[in-house]
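This report refers to the structure that appears directly beneath it.
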Amino acid sequence: MATEPGATEPEWLSTKEAARRLGVTARTLYRFIDEGDLPAYRFGRVIRLKQSEVDAFVEACRIEPGTLEHLYPDVNTSS
């Protein structure tokens, strides 16, 4: 089947490549997939991920400023 002019083929990543790109272990990557956070595709015995969807997952995980105050102590602790 021919590709439409201007259409781009998806770039596929192996689970190893996707895990390395995300900086996580394969086990963590499989958890993201199994929990529905990251789409993946099975072709026979092989699991592949679209690079564009991995990139979108990264952007969706971006931390909004002002949401981590609970992780560092209050600097106004003087009595």
From the options E64, E17, residue that is part of a loop (DSSP other than H, G, I, E, B) and either among the small types (G, A, S) or out of contact with any Phe, Trp or Tyr (no Cβ under 9 Å at 6 or more places or on another chain) (or both) = E64
Using beta carbons and a limit of 8 Å, which pairs, at least six apart or on different chains, have the first residue in the stretch 40-65 and within 17 Å of G23 (Cβ to Cβ) and the second one modelled with pLDDT under 95?
-> Q51/P10
Scan the stretch 1-51 for residues that are under 20 Å from R62 (Cα atoms), among the basic types (K, R) and either modelled with pLDDT under 95 or loosely packed, with under 10 Cβ neighbours inside 10 Å (or both) and report the count.
-> 0
Looking only at the stretch 29-36, decide whether some residue is part of a strand (DSSP E or B) and among the aromatic types (F, W, Y).
-> no
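The values are calculated or read from the model by the stated rules, or taken from the named source; none is laboratory data. Predicted model, so just to flag it, every value in this text is computed and none were measured. Note: ideal-geometry Cβ built from the backbone for every residue, glycine included; neighbour counts use all protein chains shown.
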